[in-house]
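Here the structure is laid out as structure tokens; the discussion comes afterwards.
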Amino acid sequence: MRKLAIGAAVSGALALTGLAAPTALADSPDLTFGAVTVNKGKPIPVGTKAAVTVPVTYSYTRPDDFEVDNKNSFLGIALYRGALVETDNAIEGAAKSSCTTTATTDTTVTESCSTKLTIDPRENLFEGADATTWKAAAVYTEQAIDEDGSDDHISFHIGSDVWGNLGTAKLQRISKVTVNATPEPVVKGRTLTVKGALTRADWNTGKYAGYKGQKVTLQFKAKGASTYTDVKTVTSGTGGALSTTVKASKDGSYRYKFAGTSTTAAKTSAADYVDVK
């Protein structure tokens, strides 16, 4: 199991470190947060190579004399699973947020913010356990840099505060479905064999692997029709293999439709058109 901590890297960019859990600043900012919404509350399907960037929105209230300047202080959102102090895995978000003031009092300012979070499966996802519901955390980072070496001394100080359990985001594996009906063309009344495969992203190997034991629906759309109808349900076998037979009755297209699971996104295959003689 990969153990990571949510921390901060040079230049104020959020990062993940495997060295130690974050510690509060000596004088932690007095911030309170509203709910964090990731990808508009929708699941995030991720494959094996392409990075996925999703929107993030949140609100927070700060003292009126406190400001995040995006130069020496930064505020962003991260995702994590496991305990906040020693996460099983964590994903950094953009270090900067775009915020607009929505309310003020004599002593406080409330801001509504938006930012982005990018999930790169080659850098962030390592095992099947990552296909689950993650928690959202707000990460505040501040830095102080003295690069004036005229006195033979330079310094770099950085600190972070993390507020956890502010929202959730579900990560899912992308799935793929194929279909192939044979023979083509086929004589009316003869048997068509409709094969295919159901696979899904395997973050351990960085490839797609068969998804066995899943219910997949074979659908048919007659030539000239506008909608598909369910024909029968097939269970995926070894390597995610799909196979069934039907009687050829009319010209039309066949496809397999996978409804998805809690860990794996839904997917419908491309259509395979069959000419019936």
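The values are calculated or read from the model by the stated rules, or taken from the named source; none is laboratory data. Everything numeric here is computed off the predicted structure, so don't read it as measured data. Here Cβ is always computed from backbone atoms with ideal geometry, including for glycine, and neighbour counts include all displayed protein chains.
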**OP:** Find the strands (runs of 3 or more DSSP E) located wholly in region 42-145 whose residues include 2 or more that are of a type in the set (Val, Ile, Thr), and list them.
**Re:** 44-46, 52-63, 87-91, 98-104, 108-119
**OP:** Could you figure out which of (1) modelled with pLDDT of 95 or more; (2) surrounded by 12 or more Cβ atoms within 10 Å (Cβ to Cβ); (3) farther than 30 Å from Gly210 by Cβ isn't true of Val52?
**Re:** (3)
Original post:
Which of the residues belonging to region 253-271 are farther than 18 Å from Arg173 by Cβ and either in contact with a His (Cβ under 9 Å, 6 or more places away or on another chain) or surrounded by 20 or more Cβ atoms within 10 Å (Cβ to Cβ) (or both)?
Top reply: Tyr254, Arg255
Original post:
Mind checking which residues of region 151-207 are free of Cβ contacts under 8 Å to residues at least 12 places away in the same chain and of a type in the set (D, E, K, R)?
Top reply: Asp151, Asp152
**OP:** For Asp146, state whether it is in the same structural domain as Val38 (by TED's automatic domain parsing), among the charged types (D, E, K, R) and surrounded by 12 or more Cβ atoms within 10 Å (Cβ to Cβ).
**Re:** no
**OP:** Report those strands (runs of 3 or more DSSP E) wholly inside region 158-277 carrying at least 3 residues which are hydrophobic (A, V, I, L, M, F, W, C), within 27 Å of Phe126 (Cβ to Cβ) and outside the structural domain of Lys49 (by TED's automatic domain parsing).
**Re:** 191-202
Original post:
Considering region 190-248 alone, what residues qualify as being loosely packed, with under 15 Cβ neighbours inside 10 Å and either acidic (Asp, Glu) or at pLDDT below 95 (or both)?
Top reply: Asp230
Original post:
Only one residue in Thr87, Thr100 is loosely packed, with under 12 Cβ neighbours inside 10 Å and not basic (Lys, Arg). Which one?
Top reply: Thr100
